[in-house]
Each structure stands twice: as structure tokens, then as C-alpha cells.
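The values are calculated or read from the model by the stated rules, or taken from the named source; none is laboratory data. Because the structure is a prediction, the values reported are computed rather than measured. Counting neighbours? That spans all protein chains shown, and the Cβs are built from the backbone with ideal geometry, glycine included.
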Amino acid sequence: MSSEYALKAMVFLTRLPDQGPATAQRIASEMGIPRKYLSRILRELVTAEVLTAAPGRAGGFRLNRDPRTLRLAEVVEPFEQFLGARAGCPFDNKSCDGTDPCAGHRKWNELRTHLQTFLKETTIQEIAIHASASSGGGRR
């Protein structure tokens, strides 16, 4: 759920006319995300250098880079360790690896490879434009 909320927040920030700043309260309210949970996610994205945070009354969160170069993988990876190359068996099989695979190993690796490819090849801008177009307009 964290990565889903992170992506929603990133799309929101991308669609702002000047790409931020926006407060956690505003993002949470407009995207229907619990504020306290979103605050933790936004802090994690700042730590991952995906967002920057500015304190104060006029502060908030903004994208750290141009959304045309920001890959979905960079947004999702802080929350989805199973996508990493060194991730262990998601089924908790301690001896599962390429030489001694569990029953789901081959199919899981195929799925993970496809998902990794999608996340690495797709930018937040591409998703934000599509989200804007499919909602009948809105901000970009």
C-alpha cells in the first residue's frame, strides 16, 4: 500500500502547474490518503532523494527532478524490497534459489522481471499525463 500511495502522491505533484510545493495535508486530502501514513511515505521519498521538503508556511513537498526523467522504480523501490535483485524468496523458503528453487520460483522471477522492466522504463510524467487524460482533463 505504501508504494501505491507514493505513486499517487507523485502523480499529484507532477500534475501541479509548477510541480509543488504542496503540503502533506493537501496531498492527503485531495488524493484520499491518510495524512499520518502519507507523511511517513513522503519522508521516505525525501530520504530517497525523489522529493525535497521545504519547511515553513509556504513550504511543502516538491519533486526533486524533472518528472520526465523520474522512473517509477525510484518511487517504488524504497517500499518494495522484493523487487530488488538480491530479494529472497517471497514465499519464505529459506533454501530457495536458482539451483534449488521452490515451486513458485520460476514464475515469480518472470513476474518480477516484467514488473522491474515496467517500473524502470516508465516515468512518472507518462503516468501523470495518462491519469490526466483519462480523467477528462485536470492539471498537468
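Key figures
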{"item": "Given (1) in contact with a helix residue (DSSP H, G or I) (Cβ under 7 Å, 6 or more places away or on another chain); (2) of a type in the set (Asp, Glu); (3) surrounded by 19 or more Cβ atoms within 10 Å (Cβ to Cβ), index of the condition Glu30 fails", "result": "(3)"}
{"item": "Which numbered condition Ile129 fails, given (1) of a type outside the set (S, T, N, Q); (2) part of a helix (DSSP H, G or I); (3) more than 24 Å from Arg15 (Cα to Cα); (4) modelled with pLDDT of 70 or more", "result": "(3)"}
{"item": "Residue count for region 73-105, restricted to those that are at pLDDT 75 or above and either among the aliphatic types (A, V, I, L, M) or closer than 30 Å to Arg43 by Cβ (or both)", "result": "9"}
{"item": "Residue match in region 92-101 (condition: under 24 Å from Thr122 (Cα atoms) and not β-branched (Val, Ile, Thr))", "result": "no"}
{"item": "Residues that are within 13 Å of Ser2 (Cβ to Cβ) and not in a helix (DSSP H, G or I), drawn from region 28-49", "result": "Ile33, Pro34, Ala48"}
{"item": "Residue count, region 7-25 (criterion: of a type outside the set (Ser, Thr, Tyr), surrounded by 16 or more Cβ atoms within 10 Å (Cβ to Cβ) and in a helix (DSSP H, G or I))", "result": "9"}
{"item": "Candidate set: region 50-71, residues that are β-branched (Val, Ile, Thr) and in a loop (DSSP other than H, G, I, E, B); chosen: the one nearest to the chain's Cα centre (by Cα)", "result": "Val50"}
